[in-house]
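Some notes on the structure that comes next.
Laboratory data are not the source of any read-out in this text; all were calculated from the coordinates shown. All values derive from a computational prediction rather than experimental measurement. All Cβ positions, even for glycine, are placed from backbone atoms using ideal geometry, and neighbour counts span all protein chains on display.
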Amino acid sequence: MADDADLKTLPLDALHRRLGARMVSFAGYAMPIQFDGIIAEHLWTREHAGLFDVSHMGQLLVEGEGAAEWLESLAPGDFKALQPHRVRYSLLLADNGGIRDDLMVTNTGKGFYLVVNGATKHGDIAHMQARLPAGITLHHMEDHALLALQGPEAVTVMSRFDLTPESADQPAFADLKFMAGARWLWNGIKLGITRSGYTGEDGYEISVPSEHAEALAEALLAHSEVQPIGLGARDSLRLEAGLPLYGHDLDPETTPVEADLSFAISKRRKTEGGFPGAERVLDQLFNGAARKRVGLSVEGRMPAREGATVWVGAEQVGVLTSGGFAPSLNVPIAMAYVATGCAADGTALEIEVRGKRIAATVVPMPFKQKNYVREGDKK
C-alpha cells in the first residue's frame with residue numbers, strides 16, 4: 001500500500017478503521033479491501049445485505065437547457081427520452097468510439113445526475129468541461145459521499161427508515177424499482193437514492209452529504225442484516241454478475257460492440273448516430289467486430305488472472321481481462337476478449353497460466369443470475 005500520507009481519505013475512513021478494515025490504495029484513496037474476509041463478505045452480500053463505501057466515485061450534476069442533447073454528443077444513450085426519476089447505464093466515448101468510461105445517468109427532473117468511476121473522474125470532468133456549451137453547468141459534488149447497500153435484504157432494511165419524499169411527483173419509496181431513483185429526507189438530511197448497484201443483487205446507491213455519511217452508515221450497520229463489505233468482495237460479486245470493470249475490461253481502445261455492451265446504444269441512436277466514433281461503432285454493430293468480450297468457465301480449481309493468454313492449439317486468440325474464484329459458484333471464472341470466431345457459447349479454449357494450459361469453455365454471462373427488482377415484479 002502507498003504511504004497513507006499520499007492518499008486521499010474517504011468520509012468513512014475513521015469508521016472503516018474502527019471496524020477493523022484492511023486498507024489499500026485504490027484510485028488514489030485509502031479504501032477497505034476487506035473486513036472479515038473476501039469470501040465471507042461476498043456470501044453475506046448474496047444472502048443478506050452488504051454496505052459498500054464507494055465515495056471515491058465521481059458524482060456530477062448537469063443542468064441547463066439542452067443538457068440532454070449535450071449528453072447525447074458525448075454518449076450513445078437516448079437521454080431526451082429518459083423519463084424523470086429513471087436511471088440509464090451509458091458510456092462516455094472517445095472520438096474513435098472507444099470507451100473513456102462507463103457511467104450511470106439519472107434524470108432528476110431538473111437535470112441529470114451522473115456517477116462516473118473514481119480512477120477516471122478527473123479526466124472525465126476535464127473532457128466534459130472542454131466541450132461544455134454556454135448555458136449548461138457541470139457541478140462536481142465533492143462534498144457528497146456515496147454508499148451502496150446491496151443484497152436481497154437491502155429492501156427490508158431500507159423499508160424501516162423514515163424517508164420523506166422531496167417532491168410529490170416522484171415514486172413512493174416502496175414502489176421504487178430497478179434503475180429508478182429520486183431524493184428523500186431522512187432526519188432532515190437530503191439523500192439521493194437509486195435502486196441500482198454493481199453486484200448483480202437488488203439494492204440501493206445512496207448519495208449523502210459527507211458530514212452525514214458516518215451517521216447514515218452507522219444507522220444502516222445497526223441492522224442485523226447489514227455488514228460492512230470491502231473492495232475485494234465488490235470485485236468478485238461484479239465478476240459473477242458478468243459486469244465489466246473500467247481499466248480492466250473496458251478502455252479507450254475498446255468499443256461498446258467489442259465489449260458486448262451494445263444494449264447501451266439506444267435504438268434511436270443506432271439509426272441517427274451523432275455520438276463520438278459513431279461510424280466505427282455502427283459499422284461493428286451491423287457488420288461485426290473482430291473480437292468480443294466473453295465469459296469463461298475455467299476447469300479445475302486454479303483461478304486464471306488478468307493478462308493470461310487464451311489459445312486454440314498453437315494460435316493465441318485472446319487475453320483475459322478479469323478472472324478469479326467465484327465464491328457463490330465454487331469454481332474459477334473469467335472474462336476475456338477473444339477473436340469473434342471463438343466467441344460462441346460452448347467453444348473450447350485453453351488459458352495459459354504459469355506456463356501450463358488450462359481448459360476453459362465460453363459460457364453465457366452473467367455467471368450467476370442477477371436479482372434485480374424490475375417494473376412489474378411483485379417485490
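For the stretch 104-137, which residues satisfy the criterion of being in contact with a Ser or Thr (Cβ under 9 Å, 6 or more places away or on another chain) and within 22 Å of GLN170 (Cβ to Cβ)?
MET104, VAL105, THR106, GLY109, GLY111, PHE112, TYR113, LEU114, VAL115
Considering every residue within the stretch 279-295, establish whether at least one is among the acidic types (Asp, Glu), touching a strand residue (DSSP E or B) at 6+ places or on another chain (Cβ under 8 Å) and under 24 Å from ALA336 (Cβ atoms).
no
Considering only the stretch 283-298, how many residues are charged (D, E, K, R), within 14 Å of MET335 (Cα to Cα) and over 22 Å from the mean Cα position of the chain (by Cα)?
Counting residues in the stretch 283-298 that are charged (D, E, K, R), within 14 Å of MET335 (Cα to Cα) and over 22 Å from the mean Cα position of the chain (by Cα) gives 1.
Can we say GLY300 is small (Gly, Ala, Ser), in a loop (DSSP other than H, G, I, E, B) and over 26 Å from SER196 (Cα atoms)?
Taking the combined requirement at face value, the residue satisfies it.
Looking only at the stretch 261-283, how many residues end up being free of Cβ contacts under 8 Å to residues at least 40 places away in the same chain and crowded, with 18+ Cβ neighbours inside 10 Å?
Qualifying residue count, the stretch 261-283: 1.
PHE178 fails exactly one of the following numbered conditions: (1) touching a helix residue (DSSP H, G or I) at 6+ places or on another chain (Cβ under 7 Å); (2) touching a residue at least 40 places away in the same chain (Cβ under 8 Å); (3) not polar (S, T, N, Q). What is the number of that condition?
(1)
Looking only at the stretch 233-282, count how many residues are closer than 26 Å to VAL331 by Cβ, not polar (S, T, N, Q) and not in a loop (DSSP other than H, G, I, E, B).
9
Given (1) over 18 Å from LEU243 (Cβ atoms); (2) touching a strand residue (DSSP E or B) at 6+ places or on another chain (Cβ under 9 Å), identify the lone condition not met by GLY50.
So GLY50 meets the others, but not (1).
Sort out for me the strands (runs of 3 or more DSSP E) sitting completely within the stretch 1-115 that have 2 or more residues that are within 18 Å of the chain's Cα centre (by Cα).
29-34, 49-53, 58-63, 87-93, 99-107
Identify all residues within the stretch 313-354 that are among the acidic types (Asp, Glu) and either surrounded by 15 or more Cβ atoms within 10 Å (Cβ to Cβ) or farther than 18 Å from PRO366 by Cα (or both); write none if there are none.
Those that are among the acidic types (Asp, Glu) and either surrounded by 15 or more Cβ atoms within 10 Å (Cβ to Cβ) or farther than 18 Å from PRO366 by Cα (or both): GLU315, GLU350, GLU352.
Among the residues of the stretch 173-218, write down those that are crowded, with 18+ Cβ neighbours inside 10 Å and among the hydroxyl-bearing types (Ser, Thr, Tyr).
THR194, SER196, TYR198, THR199, TYR204, SER207, listed by residue number.
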